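Novice: Sharing a structure, written as structure tokens. Questions coming.
The values are calculated or read from the model by the stated rules, or taken from the named source; none is laboratory data. All values derive from a computational prediction rather than experimental measurement. Here the Cβ positions follow ideal geometry from the backbone for every residue, glycine too, while neighbour counts run over all protein chains shown.
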Amino acid sequence: MAEPPAIDAAAFRAGERGVLAEVYHRHLGRVERAVSRYCRGADAECVVHDLFLDIIERPELRARFEQGDLGAWLATLARRRALDHLRRRRRYRLVDDPRALDGALEPVEPEGSLLERDRARRLAEALERFARLELPRLDRRLADVFQARIVERRNQLAAAAALGIPRTTLIDREAKLMRGLRPFLARQLGEEPR
């Protein structure tokens, strides 16, 4: 089978529609494989979707590719984005884990257990203050995500179903919510924001 012709780098950087479509169809599998080493399901779909959306919308990103193996360049971008996605998810683990809010975490040491319970109590109080003070200022869609994920403690699939939105949309809104919630909680708990 003959090798397909190389993508014209100049046309790619210029954002020619036909070339971008060809890049998507030709390299989607490679990008998905690169992402799947780190993320699965809707998380992987989000990373892949966001990468190709940025390729289409951001000329400065396309301008970074000069020449060479476009598939390898895209796979590298995808891998970095997947790792960044994982890092962001880990930062939200305490808020995302409903057990953290009701004292169900059990550290090994009794002293640690008291500290964790105290932190969980302070976190619950901070979340209540956020709901009272900051939530009314937010976009209603973000407030709905807060209600479903934090207050009702639904997992992502259940929250998305309850809100009548795709899981990928919920993930996007949750990330926007966290950009405001994380620094608020850090201030309330007297911690350094990450």
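Novice: State whether one or more residues within the stretch 59-67 are loosely packed, with under 12 Cβ neighbours inside 10 Å, basic (Lys, Arg) and either assigned to a loop (DSSP other than H, G, I, E, B) or modelled with pLDDT of 90 or more (or both).
Specialist: yes
Novice: Shifting gears a bit: Determine which single condition residue 156 fails, assuming it passes every other condition in (1) in contact with a Leu (Cβ under 7 Å, 6 or more places away or on another chain); (2) modelled with pLDDT of 90 or more.
Specialist: The number of the failed condition is (2).
Novice: Cβ-Cβ distance below 8 Å, separation of 6 or more or different chains: which pairs start in the stretch 48-71 with a residue that is among the small types (Gly, Ala, Ser) and end on one that is assigned to a helix (DSSP H, G or I)?
Specialist: 63/13; 71/26; 71/27; 71/30
Novice: Go through the stretch 132-194 and tell me which helices (runs of 4 or more DSSP H), entirely inside it, have 2 or more residues that are β-branched (Val, Ile, Thr) and not assigned by TED's automatic domain parsing to the domain that holds residue 40.
Specialist: By residue number, 167-189.
Novice: Given the condition over 19 Å from residue 45 (Cα atoms) and β-branched (Val, Ile, Thr), answer yes or no: does some residue in the stretch 130-148 qualify?
Specialist: Just the residues of the stretch 130-148 that are over 19 Å from residue 45 (Cα atoms), to begin with: 130-148.
With β-branched (Val, Ile, Thr) added as a condition, the list becomes 145.
So far as the stretch 130-148 goes, yes, one or more of its residues are over 19 Å from residue 45 (Cα atoms) and β-branched (Val, Ile, Thr).
Novice: Something else now. Does residue 90 fit the bill of being modelled with pLDDT under 90, under 30 Å from residue 27 (Cα atoms) and surrounded by fewer than 17 Cβ atoms within 10 Å (Cβ to Cβ)? Show your work before the answer.
Specialist: On the way: modelled with pLDDT under 90: yes; under 30 Å from residue 27 (Cα atoms): yes; surrounded by fewer than 17 Cβ atoms within 10 Å (Cβ to Cβ): yes.
Yes.
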